[in-house]
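See structure below.
We did not get these values from a lab; they are worked out from the coordinates using the rules stated. Everything numeric here is computed off the predicted structure, so don't read it as measured data. So basically every Cβ, Gly included, is an ideal-geometry build from the backbone, and we count neighbours across all protein chains shown.
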Amino acid sequence: MKNIILNLSSGWEFKKQNSDEFLPAEVPGCIHLDLLRNKLIPDPFFGVNEKELQWISRKNWIYRLKFFVDKSLNLKRYKRITFFGIDTFASIFLNGKKVIEANNMFHPWESDLSNNLKLGENIIEIEFRSPLIEISPKLKKLDYILPADNDKAGGMSPYIRKAPYHFGWDWGPCFVTSGLWKKVQLIGYDSFLVNSINLNQLRINNKFGEIEIEVEIISNNLSKATLFIMEESLKFEKEFILNIKKDINIFKKSFKVVSPKLWWPVGHGDQNLYNFNIRIKSNDFDSSFNKRIGFRTVKVVRKRDKKGESFTFNINNTAIFSKGANWIPADSFTTRLKKEDYLEYLKSVVEANMNTLRVWGGGIYEPDYFYELCDELGILVWQDFMFACSLYPSDKPFLKSVKKEAIYQIKRLKDHPSIVMWCGNNEIAWAWYNWEWKEKLPNHLWKSYKLLFHKVLLKVCKKYDSSRLYWPSSPGHGIDVPKTGQIYGSGDNHYWGVWHGGDDFEAYEANVGRFMSEYGMQSYPELSTIKTFAASKERNINSVTMKFHQKASLGNKNVIKYIKKYYSKPNNFESLLVISQLMQAEAIKIAVESHRRNMPYCMGSLYWQLNDCWPGASWSSIDYNKNWKALHYAAKKFFTPILVSIKQKEKYLEIFAINDLNELIDCDLVIDLFDLNGKKIQSYCKSLKLSPISAKKYFSTKVQNFIKGKNRSKILLKSFIKHKDTVLSMNNYYFVKPKDLCYPEPKFNIKHEVLEDTFLIIILPITFLYKVHFICTNCKGVFSDNYIDLLPGEEKRIKFKPVENINIKNLLFNVNTMYDLV
Ligand code: BMA
């Protein structure tokens, strides 16, 4: 007999507390989306609507579901309800009787309903209490305030186990949601139910993989069951007998499979995954489960040396240079994101030659399919626990709640080969030492910090997943309680001298650590995205709307400051948007290339931030509507596995070749100096053998001699790494800032071809084209390359792949160059 599973995710209704009328609601969902669907509020992202909609989080909301229990379910001896995600303070009643009191959105809430359900109609009623009103009396009683600088809702976020960014951040709005944000399920069973199954990897080598299956069963009586494990492609079958006791049972059984193919991060090998079918059968129970895993070893290598302590992800004993970005929740209201949305983002990650994402601690633990897609695409995941830029309470109930959350999340996620480590929090230890917290706040808050991040989470990680490193905080220089802020030379670093500190881009080169997990530069999204939130009269940088959609303290002034430093004045608003993106791309290119040139001293570079949770100014390379900014196109080039990188060091021109693959690369380095009429002034070629995982300087000369007296604002250095006729990397270098470059009025011809699912643009430059870029005006999609420089005669073929349904023939494009922007 099978357990009966009733999905309780449809048929919900909601209303404001004390009002009469119930309206249709969606589960998973949240109050803001339900109000929007019922046309009771305008688009929360438009104009300054965020401000007008703050009332929503100050009200209590009632959700209700009437559902039917049929005979077969009613006949089951036990019934258990699971709410996989409750956001956040909620009292849940079944047929008038309270069954759950919830206060943490990050773990499921369950209740045994065996004695409360009745045959026929039942009713669940949930009272969601305003998180802000719930907490404020507690806050008043305290003689200190926990810091929460990004919190725009009154500083209550540290006290609530709820996504920190809901309270506002320096790239996102404040929408303190309420609702059932995950599915709801009712299970009817006669003897037991399977609570969790994990496949822990004990040992892996090229001959076999040793796995421990860990099964948690909740049982109401004694029974005996058989556990069958099968994997078709490995021709593997095995069975075990389980003697089940009353209450919670944890079974651990190990087995070996022969010669599994290893799982690798993208760029280093295939993403081999195996589907295990697990069946548990007894006299009165028979259920099957699927578990997909990849065989791989993971280690964060931290080796002492003269400069400190390294920080390198080793997968299958191979050092991996981590290339990527920080991931934030892709919406203020994440329940409207679909698997296809995640797929689009994560495909863009891989297309830009990234292999790592950090799931940052101010957001949410992402849904299963995020990690499934990372497994499939070969993206390594650095997983933070959800704590960021605040101090947190350490009373017993709070710690108990966090412990439950951490255990649940580890068990849910640990079978994913993509996840490489657990990190306690974002920037809290650094903040204690460097943001004047230590000086201004009572010392017992540091004790609380130590308890939470150096005891509670450490213990949970050790117990539930000792296969991965637990890293208490990012940035961090070790696993012990730190005595100082971040240290360059050990662990990971967040470098914010550029942007927050106002330093020039070149400062990136002087601030390279062992693993750069954050650094960033802001830009604006493209006009099509601006149009989704700004009325036409608001489309200027000083408008109320544009200021409102800039949440960073230094804000638009800082963007303009950096533009002024490097670029000519944009001639209009749309040009400003484009130039902000070019400026951002240039900044991050300088940063990443300097990190990669310092390999293997530096073994990771994750810029801040990949994506957005709403449309506005931010550090992202993909905007809220999933458009690639200039930075994302640049990332595709500066993250190539083989990279040629050019820099000036004082009077010297230096050219480096970087190989982040674990193999020797035979190639040619080509260095050509041109004037902007396309005439070659200098040419140089050298054959190279690039050692595995290496960065080396292969060319150095005095600039003065090299440019042969030419005007620095009229020349371009192009360098290539080629393997036979294939270009592995190409990079351009200018000897002056963009604003000092003397480029001519652009002249070019354009042809196009309509291919099966792509539109091919062929551009034939007659003059030098500086930052030529295309925008498709009637469809979303991605170009194979964009924002490029072309010498006269240098034909370029660019493909555009639409992501929307459109007849390829009807696509419309705009083309511009820097000349048109200033
Ligand atoms: C980083 C992040 C975020 C923030 C970003 C930009 O340090 O951890 O807290 O959004 O800076 O200021």
Label-to-label distance, nm, for residues given as residue 253 and residue 799 (7 Å Cα→Cβ offset): 4.8 nm
Extension gain from residue 569 to residue 712, taking 0.36 nm per residue of separation minus the Cα-Cα distance: 49.4 nm
Histogram of C-alpha separations across the range 762-822, 5 Å bin width, %: 4, 17, 28, 22, 16, 10, 3, 0
Spacing of the two label points (7 Å from each Cα toward its C-beta) at residue 288 and residue 115, in nm: 3.8 nm
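Let me know the charge dipole size of the range 627-690 about its Cα centre in debye, to the nearest 20, where only the beta-carbon of Lys, Arg (+1) and Asp, Glu (-1) is charged. Present the calculation step by step, with values, prior to reporting the outcome.
Numbers: 10 positive and 8 negative charges, 55 e Å.
It comes to approximately 260 debye.
Within a Cβ distance under 14 Å of residue 555, other residues only, what is the Lys/Arg minus Asp/Glu net charge?
On the way: positive: 547, 551, 557, 561; negative: 170.
Net of charged neighbours comes to +3.
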Rounded tilt (10° steps) of 555-566 against the dominant C-alpha axis of the chain: 20 degrees
Gain on full stretching of the segment that runs from residue 726 to residue 535 - 0.36 nm per residue minus C-alpha separation: 64.0 nm
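Tell me whether the range 423-497 comes out rounded, prolate or oblate; compute the Cα gyration tensor, take square roots of the eigenvalues as a ≥ b ≥ c, and use a/c under 1.5 as the rounded threshold. Provide the component values of the computation, followed by the final result.
Working: a/c = 2.62, a/b = 1.29, b/c = 2.03.
Note, shape of the range 423-497 comes out oblate.
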Where a label projected 7 Å from the Cα of residue 64 along Cα→Cβ would reach, residues of the range 78-98 with amide N under 17 Å: 91-98
Rg/Rh for the range 606-672, where both radii come from Cα atoms and Rh is the Kirkwood radius: 1.11
Shape metrics for the range 254-314, restricted to C-alpha atoms - Rg then Dmax, Å: 18.6, 64
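Under a Cβ-only charge scheme (Lys and Arg +1, Asp and Glu -1), can you give me the dipole magnitude of the range 222-281 about the Cα centre, in debye to the nearest 20? Numbers along the way, then the final one.
Working: 11 positive and 6 negative charges, 79 e Å.
Dipole of the range 222-281, to the nearest 20 debye: 380 debye.
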With Cα atoms, 0 to 90° folded angle of helix 573-597 axis to the chain main axis: 90 degrees
For the chain, the longest site-free run once GluC sites (Glu not before Pro) in DSSP loop states with at most 14 other Cβ atoms within 10 Å are removed: 22-231
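Pairs to check: 256/696; 440/647; 253/400; 557/771. Give those whose C-alpha atoms are more than 32 Å from each other in this structure.
Working: 256/696 43 Å; 440/647 43 Å; 253/400 29 Å; 557/771 24 Å.
Correct reply: 256/696; 440/647.
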Ranked list, fewest to most other Cβ atoms within 10 Å of each Cβ, for 446, 628: 446, 628
Hull shadow area, averaged, the range 652-801 [alpha-carbon convex hull, nm²]: 10.9 nm²
Long-range amide H partners of residue 261 with built H, under 5 Å: none
Separation between Cα centres of the range 234-304 and the range 601-646, rounded to whole Å: 35 Å
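Run the numbers on the chain and let me know its relative contact order in percent, using alpha-carbon pairs under 8 Å that are six or more apart.
Reported as a whole number, the value is 9 percent.
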Top positive-direction residue, dipole computed over the chain with Cβ charges, set 191, 234, 205: 205
Difference of contour (0.36 nm per residue) and Cα-Cα distance, residue 459 to residue 39: 146.5 nm
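Looking at the square roots a ≥ b ≥ c of the eigenvalues of the Cα gyration tensor of the range 671-760, which shape do they give, rounded for a/c under 1.5, prolate if a/b is larger than b/c, or oblate? Each step should come with its number before you reach the end.
Numbers: a/c = 2.35, a/b = 1.11, b/c = 2.12.
Cα axes put the range 671-760 in the oblate bin.
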Span from the the range 466-524 Cα centroid across to the the range 737-815 one, whole angstrom: 37 Å
Modelled label reach - residue 683, point 7 Å along Cα→Cβ, the range 634-671 residues with backbone N closer than 16 Å: 668-671
Radius of gyration, Dmax [the chain; alpha carbons; angstrom]: 28.3, 92
Percent breakdown of C-alpha pair distances by 10 Å bin, ordered from the shortest bin, for the range 495-621: 13, 44, 30, 11, 2, 0
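If contacts are Cα pairs under 8 angstrom and at least 6 residues apart, what is the relative contact order of the range 485-565 in percent? Walk me through the intermediate numbers first.
Details: 67 pairs, mean separation 19.9, N = 81.
Rounded, it is 25 percent for the range 485-565.
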Cα gyration tensor of the range 413-455 - equivalent ellipsoid semi-axes, whole Å, descending: 29, 12, 5
Estimated distance in nm for a label pair at residue 91 and residue 809, the labels positioned 7 Å out from Cα along Cα-to-Cβ: 6.6 nm
Loop-located trypsin sites (Lys or Arg not before Pro) in the range 611-680 whose Cβ has at most 12 other Cβ within 10 Å (DSSP): 651, 679
Percent of C-alpha pairs per 10 Å bin, the range 108-250, short to long: 8, 23, 19, 21, 21, 8, 0
Sequence of 467, 594, 282 once ranked by neighbouring C-beta atoms within 10 Å, starting from the fewest: 467, 282, 594
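Rounded, prolate or oblate: pick one for the range 367-407, where a ≥ b ≥ c are the square roots of the eigenvalues of its C-alpha gyration tensor, a/c under 1.5 means rounded, and failing that, prolate if a/b is larger than b/c, else oblate. Each step should come with its number before you reach the end.
Numbers: a/c = 4.61, a/b = 2.36, b/c = 1.95.
Taking the square roots of the gyration eigenvalues as a ≥ b ≥ c, the range 367-407 is prolate.
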The chain: angle of helix 339-351 to the longest principal axis, Cα-based, in degrees nearest 10: 30 degrees
